[in-house]
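Each remark here refers to the structure printed beneath this line.
Quick note: the coordinates plus some simple rules give every number you see, no bench work behind them. Everything numeric here is computed off the predicted structure, so don't read it as measured data. Because the Cβ atoms are built from the backbone with ideal geometry, glycine has one as well, and the counts that use them run over all protein chains shown.
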Amino acid sequence: MSVTEPCSYHPTKAARFHCPKCEANFCPECISRRQTEVYGSPREFFFCPKCNVHAEVLSVGSFIAPFWNRLPKFFAYPLHLRPLLLILLLSSVGVFLSWLPFVNLLLWVVLIKYCYAVLRNTVSGNLRPPELSYQVLGQDVGQAFKQIALFIIIGGAQALIFFYMGAGVGLLSLFFGILLIPAMIIVLVISDSLIDALNPVAFVTIAYRIGWGYLLMYLFLALLYGAPVFLAENFSSFMSPVLRRFLFLAASQYYTVISYSLMGYVILQYHEQIGYEVSAEDFLDQALVLQGESASSDTKPDATAAILNQVSILMKEGRAEDAILVMRESMRGGTAGRVLAERYYNLLKITQRESELLNHGRSYLDLLVAENDKAVACQIYRECLSLNPQFIPNPDALFKIAGWCLEDGDAKNGWNAFVRFIKANPQHGLVPKAYFLLGKNAKEKLHDEARAEKAFKSLIKLFPEHDLAVHARSYLQKMNRIGST
């Protein structure tokens, strides 16, 4: 699987799952997720939205950006507040206290210890600089001393080669030694063993498995380590000795932090090739952390988005029946939101499943009424009536829709909706108000005094003690006075 393998249904997004049955690739938005408990702990499993079989989680290297595409971000890494403060502090101490015994060694240990934390953070998919804490800088300093010992051993071996074998062999050995130092550091990180890091079979194998990417990394690292020397040679004449030393130390530490961030990312990118175990599941919610630097809204789709994407995929495959089954399951229990309800309604309308549409229409109208969406609620009500003139929504929704239809100038549907409401729910608490609104709208909007009189009289007869009965009598009195004149 190539590094830039795209999602089969979102070509601009990297795939992170692969279906072994249909051979399709999926991004986190497309994959079907299911949660269950395994030995008391919640676990998430991933399924192909088309085949409903377990999807394979691709290796991290299959979906993160290759390191050569994000080189500017490596330069920006030490400029975050934490590493920048450490660089300034270590450089200042190196300038003013370097005359004290072991200060330079201590500074080197602290820097390497922090750089190891940078490397391990990066390998774990966390591209944010580690904290400046005792746990990061003070614990397990043996890691730093192992690397210092590695450099001392390499330097001593090179000196012996120059001394006993001459300059020609020594220069050749120096070239390969410098070329393979990053591989030695990677082995040291992976195994935490100085002996393994010095084993030619181990570090040569690492470099070989990474391939040309290793050479590209090496060239970049060579430029990084040569930069402080270049700066010192070309700008030292313009600075005071104190400032010159401070800037040289700061530049050296700046490029060292970059190099460890880069090596950590290379381990992450090539973890399969070098045999370093990285759990891809740990990165499923860190898409933007890996591709960019900020994890925000697009990392993991919510349940609604996942269902909609699955339905969309099934419809693109011409599997409307399966799409309806997915939507039907999502609507079970009555907890689905408006977005799913609307998608289900439209899907049923497209596939002309009238009976199921009318049944779902009731719950959909309940959601629309709850959100006070007058226009859409009235539209859906009319559509359902056109399919079945006997369609009756749930009582509260029907009462609201009746009033909204009248407000919208649809007197016929509004009047009929109130009549349906009264006949279907004679014991409902809103029946007196329905009678009153029937009479009021018949009088004021339909100018049908006969209907208005019938509605008001029904209200007075059935609910003589209701507050609205007083208003109904007032309307009738006015109508009678007008009629008598």
Could you pull out every residue, at least 5 positions away or on a different chain, whose amide H is within less than 5 Å of the one on A55? Hs are placed 1.01 Å off N in the peptide plane, and Pro or chain starts have none.
F46, F47, C48
Ignoring GluC sites (Glu not before Pro) that are buried or in helix or strand per DSSP, and keeping those with at most 14 other beta carbon atoms within 10 Å, what is the longest stretch of the chain between them?
132-276
Flagged links, alpha-carbon separation over 26 Å, of K50/K374; K349/K423; K423/K443; K21/K349; K412/K440; K21/K316:
K50/K374; K349/K423; K21/K349
If you plug each phi of the range 8-21 into the Karplus form 6.51 cos²θ - 1.76 cosθ + 1.60 with θ = phi - 60°, what whole-Hz ³J(HN,Hα) values come out, in order, with x for Gly and Pro?
5, 10, 9, x, 8, 10, 6, 6, 10, 9, 9, 8, x, 8
Apply the Karplus curve 6.51 cos²θ - 1.76 cosθ + 1.60, θ = phi - 60°, to the phi angles in the range 161-175 and return the couplings in whole Hz, x for Gly and Pro.
5, 4, 6, 9, 10, x, 5, x, 5, x, 5, 5, 5, 5, 4
Farthest toward positive dipole pole in the chain [+1 Lys/Arg, -1 Asp/Glu at C-beta], among P393, A251, L188
P393
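Quick one: putting +1 on the C-beta of Lys and Arg, -1 on the C-beta of Asp and Glu, what dipole do you get for the chain around its Cα centre, in Debye to the nearest 20?
That gives a dipole near 1520 debye.
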By Cβ neighbour count within 10 Å, fewest first, F46, F75, F102 rank F102, F75, F46
So what J values fall out for the range 427-435 if you push phi through Karplus, 6.51 cos²θ - 1.76 cosθ + 1.60 with θ = phi - 60°, rounded to Hz, Gly and Pro as x?
9, 5, x, 8, 4, x, 5, 4, 4
How far is it, in nm, from the label point at Y276 to the one at R332 when both lie 7 Å from their Cα along the line to the Cβ?
4.5 nm
Selection from A341, I460, P83 lying farthest towards where the dipole of the chain points positive, charges on Cβ:
I460
Given the -39500 (n - 2.57) contribution per DSSP H run of 4+ residues, what per-residue ellipticity at 222 nm results for the chain, rounded to the nearest 500 deg cm²/dmol?
-21500 deg cm²/dmol
Note the angle between two axes, namely the Cα long axis of helix 467-484 and the longest principal axis of the Cα atoms of the chain, as a number of degrees from 0 to 90, rounded to the nearest 10.
50 degrees
Check the straight Cα-Cα distances from K73 and name the lysines below 28 Å, setting aside those fewer than 8 residues away within the same chain.
K13, K113, K300
Report, in degrees rounded to the nearest 10, the 0 to 90 angle that the Cα long axis of helix 338-350 makes with the longest principal axis of the chain.
70 degrees
Nearest 10, in degrees from 0 to 90: the angle of helix 320-331 to the longest Cα principal axis of the chain is 80 degrees
Candidates [x] 66, 47, 40; [y] 129, 55, 43; [z] 68, 63, 49; which is the computed Cα extents along the principal axes in Å?
[y]
What residues have an amide H closer than 5 Å to that of D448, excluding those fewer than 5 places away on the same chain, when H is modeled at 1.01 Å from N in the peptide plane?
K443
How do I195, I258 rank when sorted from fewest to most other Cβ atoms within 10 Å of their own Cβ?
I195, I258
